[in-house]
Structure formats: C-alpha cells, structure tokens
1. Filter the helices (runs of 4 or more DSSP H) completely within the range 279-382 down to those with at least 1 residues that are at pLDDT below 90 and under 27 Å from Arg126 (Cα atoms).
2. Of the residues Val309, Val335, which is of a type in the set (Val, Ile, Thr) and either surrounded by 19 or more Cβ atoms within 10 Å (Cβ to Cβ) or within 13 Å of the chain's Cα centre (by Cα) (or both)?
3. All but one of (1) in contact (Cβ under 8 Å) with a residue 40 or more places away in the chain; (2) within 16 Å of Phe143 (Cβ to Cβ); (3) not hydroxyl-bearing (Ser, Thr, Tyr) hold for Lys187, so report the exception by its number.
4. For Arg126, work out the one condition from (1) touching a Ser or Thr at 6+ places or on another chain (Cβ under 9 Å); (2) closer than 20 Å to Gln194 by Cα; (3) without any contact (Cβ under 8 Å) to a residue 40 or more places away in the chain it doesn't fulfil.
5. Find the residue count for the range 242-269, including only residues that are within 14 Å of Ser280 (Cα to Cα), of a type in the set (Asp, Glu) and in contact (Cβ under 8 Å) with a residue 24 or more places away in the chain.
6. Of the numbered conditions (1) β-branched (Val, Ile, Thr); (2) touching a residue at least 24 places away in the same chain (Cβ under 8 Å); (3) in contact with a Ser or Thr (Cβ under 8 Å, 6 or more places away or on another chain), Ile133 satisfies every one except a single condition; which is it?
7. Name the residue, out of Ser119, Ser197, that is of a type in the set (Gly, Ala, Ser) and either more than 25 Å from Lys284 (Cα to Cα) or more than 28 Å from the chain's Cα centre (by Cα) (or both).
8. Sort through Arg45, Arg75, Arg58, Arg71 and tell me the only one that's closer than 22 Å to Pro321 by Cα and more than 31 Å from the chain's Cα centre (by Cα).
Amino acid sequence: MERFFKDSRTIQRFRSGPLGPYIQQLAVELASQGHGRCATRLRLRIAHQFGLWLTKCRIEIADLTIVDADRYVARYGNVKQGDAKSVRMLFDILLRRGLVRPQPDPAKTDAERVINCFSTYLQQERALSPCTIDGMCRQIGLFLAFRFGGGAVDLSTILPEDVIAFVQHEAARKCAASAKNTTSALKSFFQYLQFSSGRGQELASAVPSVASWSLSSIPKGLSRPQVTRVLNSCDRNTPIGRRDYAILLLLARLGLRAGEVAYLSLDDIDWSAGTISVRSKSHKSCQLPLPPDVGDAIADYLQKGRPVVSSRRVFLRIPAPHVGFEGASAISLIVKYALRRADIHSRSYGAHQFRHALATEMLKHGAALPEIGQILRHSQAKTTFIYAKIDFAALAPLARRWPGGVA
C-alpha cells in the first residue's frame, strides 16, 4: 500500500479499518492488473468507506452478502468512479478466503434451465466454440418464448406444427442466412432432446428447410493496396499501434479468424522453430509457419507495447485491467477502426475480409484451391470452392460467345 500512499497516517487508517487486511490484498490485485496510481488510490478509498459503512450498519463480515454490497453502491456509489467494481472486487476477495458464504444462484426460469442444459451439451458433446454456443442458445431462447411465452416449459408438448410456425415467423423477418442459423439451432436442440430424453427425432425431421443456394455469393476481400494502407495506418510508435499492427498482420498474412487471434496464447508461439499453433473453430490445433515480418511485429509489441502482467494471452487490453479480449468482436472493432483510419469504405468491416484477400492473392499467384483450403484450414473442400468464382483468368475460356455479339 506504500506504493500508492505517502502519508503513513492514511496507510495506518486503512489497515486498521474493519476491512484492513483485505484492502491490502485489493491493492495488490489492482496493481497486478495495471491500474494507475490515481485510480488505485480512489478504489482503495472506496473499499475503506465500504468497511466503515459495514461497521455503522453493524454488519459482520460473516453475515455480508452481495445484496448488502449492491445496497451500498446504490445508495452511496458513483458509477463513473468505479465504486461498483471496487466493492465487487473486495467481496470476491472475501469470498475466495471463505469469509463470506457463496450466494445461491437466483431462481432460474424453466426456459433458462433448459438453455443451460443445452449449452452444456453443445460444449461437452459437440465441442463447439463459445460464440457458436451463444448464438444457438439465443435462437432456442426465442423458440421457447414463442412456444411457451414466459410460463412453464414442458418440452413434451412441443409439436411439429409449433416448429414450422416458428421457422415461418423467423424467416419472414430475417435474411436467408439468419433463417438458416435458426433451423440449424433447432435441429441441434432436437438432437439434444433425443440424446437426453429419447424424444426429438420427429421434431428434428419437422424443421423446414430455408431456400438458399450453396456458394451463391462472391467473397469480398480487400485489394493488396488496401491491405497495405490499413497496415500503414497504425502508429507503431504507440503501444496500441504496435498491438493493432501485429493483429492486422496476422489477419493479412496467415488469414486467421478473429477468434483465433483473440485467444492466441504466448505458449502458442514457438520462436525457435518459427511456427505458431492455432486452435480452429472445432478446437483442433494446427501449426502454421510464422512469417518473419509477422514474428517481428509480435516481438516488437511484446517488448515495447504489451503490459507486464501475468496473463498468457498475447494481445491484451491497453486500458486497465490488462486482460485478454473477451472474444472475436474486439478484433473486429480493431479492423473497423483501422479501415476508417485508412479511409477505406467497405461493405463489410469485419476481420474475415482479410481471409478473402489472402485467398484472392494466392489465386492470382497460381495457388490451387486445395492449397488455399489448407492455409485457411477449411474442414470441407466445398468451402474453398467459392473462390473459384473470382479466378477470372481460369473462368474466361469457359465463357460462351454472346449470340448478339460481333463475330
């Protein structure tokens, strides 16, 4: 605590307070997360005030609940100053030490219990990514609300007509791709019912198909000059610029997905062998060669831009707390801001267009579709076939002469 306060009387007052020993640990945790001196001083004062309030209200630590903490924040807290986070961090310290009782989960609705079981099934039996699981659970939540409203959920009363009506309702308000996500989630849910209770096969067969044509779209990627402009838009004299440059270079050179970059660990990089291990959507790990320019960019960020914390994630938040990204959406935001800095207007601002750009560039240099599929780690060959549409040099001889043209 001496790192943050110079006045010995202040330090003594904090340590002698009702939560003194735990405020000291709070200071250690705030420092480990990279919080600055002023922010940490403020949060420690908040924790001390919370301890004084407990004494005033005659609330013993053993009797403290999260409801009491929320009541204090609601009455005296300041959201902008981080009072809620400070009090919650202190409560978690007490919880880990066994000084307060774990709070029972609030009573869940029938629909929430069903969705939780379905989520566990998708994670343990199907090994799907968290992003995919969230999307499927969201669709099933809509279905249960459509069928049962906010009342009790009795899965045995679901009829094929209910499934058809829900798909028709969703298809009327969604595009074809989103409607297909709905039908996929329903089929997975009824497979889960078959797995858990032996019922669901007839419901799975009742899920109607959504009209959609495979490989109907043309992949939209950045051009090579545009990729260069995006990379050059990063200010590599700042920590955030070094981080974003390394992230964008991984997307552009290796065609990684946003989630693969977000969850990249320091242990995934083998500097001596010059390889990087990537965990794909199906949790399969594969090794890719680490290009020299990508390795230099990551090393530059690790040495000059990455905060010194215990996290094993490669890429961290710049503002405290210095933790890894929560998911792929953070990488997509980095891409979005980089495109704006480079003054590039695109129909899509996500990270996936770098994969399309890489595949297009490989086609131009004579790479075969199986080679592209191997680099992009496509699980099925047909996923790579879509890039045949942009191989105009190979498609030109196949074009038939226009009957009304000049001979």
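The values are calculated or read from the model by the stated rules, or taken from the named source; none is laboratory data. Predicted model only: the values in this text are computed from it and were never measured. So basically every Cβ, Gly included, is an ideal-geometry build from the backbone, and we count neighbours across all protein chains shown.
1. Details: elements: 292-304, 328-341, 353-364, 369-376.
Where helices (runs of 4 or more DSSP H) fall fully within the range 279-382 and carry at least 1 residues being at pLDDT below 90 and under 27 Å from Arg126 (Cα atoms), they are 328-341, 353-364, 369-376.
2. Numbers: Val309 fails: either surrounded by 19 or more Cβ atoms within 10 Å (Cβ to Cβ) or within 13 Å of the chain's Cα centre (by Cα) (or both).
After ruling out the rest, the residue left standing is Val335.
3. (1)
4. Going through the list (1) touching a Ser or Thr at 6+ places or on another chain (Cβ under 9 Å); (2) closer than 20 Å to Gln194 by Cα; (3) without any contact (Cβ under 8 Å) to a residue 40 or more places away in the chain, Arg126 breaks only (3).
5. Looking only at that region, the number is 1.
6. With respect to (1) β-branched (Val, Ile, Thr); (2) touching a residue at least 24 places away in the same chain (Cβ under 8 Å); (3) in contact with a Ser or Thr (Cβ under 8 Å, 6 or more places away or on another chain), Ile133 is out only on (2).
7. Working: Ser119 fails: either more than 25 Å from Lys284 (Cα to Cα) or more than 28 Å from the chain's Cα centre (by Cα) (or both).
Just one listed residue meets the conditions, Ser197.
8. Values: Arg75 fails: closer than 22 Å to Pro321 by Cα; Arg58 fails: closer than 22 Å to Pro321 by Cα; Arg71 fails: closer than 22 Å to Pro321 by Cα.
Of the residues listed, the single one that is closer than 22 Å to Pro321 by Cα and more than 31 Å from the chain's Cα centre (by Cα) is Arg45.
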